[in-house]
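For reference, the structure discussed in these notes is given below.
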Amino acid sequence: MKNIGIFISGGGSNLQAIIDAIAKGDITARISLVISSREGVYGLERARKHGIPYAVISRGDYKDSNSFGNAILELLEKRRVDLVVLAGYLNILPKAVVEKYKNRIINVHPSLIPAFCGKGYYGNRVHQAVLDYGVKVTGATVHFVDEGTDTGPIILQQSVEVLPEDDVNTLAERVLKVEHQLLPKALKLLVEDRILVDERRVIIR
Ligand code: GRF
């Protein structure tokens with residue numbers, strides 16, 4: 001059975017969606033580690049409640065990206081993590097981690113990449129940019145993590161209509177619901193080894 005490592009930075013509703021999918025038997029895997037980028041976030045409470053080993057690894061506690069990466073890798077190895085999920089995680093993973101887990105790290109982003117993504121586009125800033133631009137459709141994307149920000153090969157996408165009466169909160173809520181479906185769906189495909197990557201193209205078999 002594969003061990004999943006989940007990285008969070010906040011409320012952990014996407015973490016909870018994966019916990020629930022495993023509990024329901026939709027995904028046959030175990031969450032062997034939760035890593036948060038900061039203390040005191042509700043996502044850690046969720047891990048605690050479900051008896052999942054957790055740790056806080058804050059970038060600010062390390063002198064450079066290299067030592068930050070080593071601390072992460074050490075813990076991933078200790079917990080025998082096979083696959084990594086970034087679920088609302090706000091740090092950029094160091095190169096050493098991305099390379100070691102090439103095509104084994106997935107991230108969920110609350111827009112239809114390549115729109116409204118990259119440096120500075122996270123959380124409600126994404127939805128504000130969507131509303132400011134006036135697009136009629138947004139959505140969620142699950143993609144492989146590479147050295148860039150939100151630039152890895154795309155696994156799954158699901159669109160969400162932008163309504164005239166939407167504000168950031170109503171839009172964020174509707175997109176988050178889609179994330180809670182899309183991320184476990186992508187993780188299931190990864191766990192069952194049904195994802196082929198050919199350059200930028202991802203083929204689901
Ligand atoms: C949300 O903005 C979500 O769109 C993004 O990360 C943020 C927090 O999600 N993926 P979570 O509740 O911590 O999973």
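The values are calculated or read from the model by the stated rules, or taken from the named source; none is laboratory data. Keep in mind the model is a prediction, meaning the values are calculated, not measured. Every residue, glycine among them, receives a Cβ derived from its backbone with ideal geometry; neighbour counts consider all protein chains shown. Areas reflect the complete protein model, heavy atoms only, side chains present, ligands, DNA and RNA absent. Shrake-Rupley method; radii C 1.70, N 1.55, O 1.52, S 1.80 Å.
Take the conditions (1) surrounded by fewer than 21 Cβ atoms within 10 Å (Cβ to Cβ); (2) away from the ligand (no atom under 16 Å from the Cβ); (3) not aliphatic (A, V, I, L, M); residue 94 misses just one of them, which is (1).
Residue-wise test of (1) open to solvent by less than 10 Å² (accessible area, probe 1.4 Å); (2) under 16 Å from the mean Cα position of the chain (by Cα).
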{"site": "2", "(1), (2)": "no, no"}
{"site": "13", "(1), (2)": "no, yes"}
{"site": "28", "(1), (2)": "no, no"}
{"site": "34", "(1), (2)": "yes, yes"}
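Residues being touching a residue at least 24 places away in the same chain (Cβ under 8 Å), over 17 Å from residue 201 (Cβ atoms) and not small (Gly, Ala, Ser): count how many of those fall in the range 151-168. Don't jump to the end; show me each part of the working.
Taking the range 151-168 and keeping what is touching a residue at least 24 places away in the same chain (Cβ under 8 Å), we get 151-159, 161-162, 166-168.
After this cut, where a residue has to be over 17 Å from residue 201 (Cβ atoms) as well, the list is 158-159, 161-162, 166-168.
If we keep only those that are not small (Gly, Ala, Ser) as well, we get 158, 161-162, 166-168.
The total comes to 6.
Residue 77 meets each of the listed conditions (1) acidic (Asp, Glu); (2) closer than 22 Å to residue 192 by Cβ; (3) open to solvent by 70 Å² or more (accessible area, probe 1.4 Å) apart from (2). Between 81, 85, the distinction of being in contact (Cβ under 8 Å) with a residue 12 or more places away in the chain, in a loop (DSSP other than H, G, I, E, B) and on the phi < 0 side of the Ramachandran plot belongs to 81 only. Within the range 189-199, being more than 14 Å from the chain's Cα centre (by Cα) and surrounded by 11 or more Cβ atoms within 10 Å (Cβ to Cβ) holds for 189, 191, 192, 194, 195, 196, 197. Taken over the range 153-171, the criterion of being under 28 Å from residue 103 (Cα atoms) and either open to solvent by 50 Å² or more (accessible area, probe 1.4 Å) or under 18 Å from the mean Cα position of the chain (by Cα) (or both) is satisfied by 153, 154, 155, 156, 157, 158, 159. When 92, 22, 31 are checked against the criterion of being closer than 30 Å to residue 203 by Cβ and in a loop (DSSP other than H, G, I, E, B), 92 stands alone in meeting it. Within the range 42-73, being within 17 Å of residue 108 (Cβ to Cβ) and open to solvent by less than 20 Å² (accessible area, probe 1.4 Å) holds for one residue alone: 43. Of everything in the range 124-180 that's in a strand (DSSP E or B) and of a type in the set (Gly, Ala, Ser), which residue is nearest to the ligand (Cβ to nearest atom)? Restricting to residues being in a strand (DSSP E or B) and of a type in the set (Gly, Ala, Ser), the top hit is 140. Selection of the range 100-112 for residues being more than 12 Å from the ligand (Cβ to nearest atom) and either touching an Asp or Glu at 6+ places or on another chain (Cβ under 8 Å) or within 12 Å of residue 152 (Cβ to Cβ) (or both) yields 101, 102, 103, 104, 105.
Taken over the range 182-192, the criterion of being out of contact with any strand residue (DSSP E or B) (no Cβ under 7 Å at 6 or more places or on another chain) and within 14 Å of the ligand (Cβ to nearest atom) is satisfied by 184 alone.
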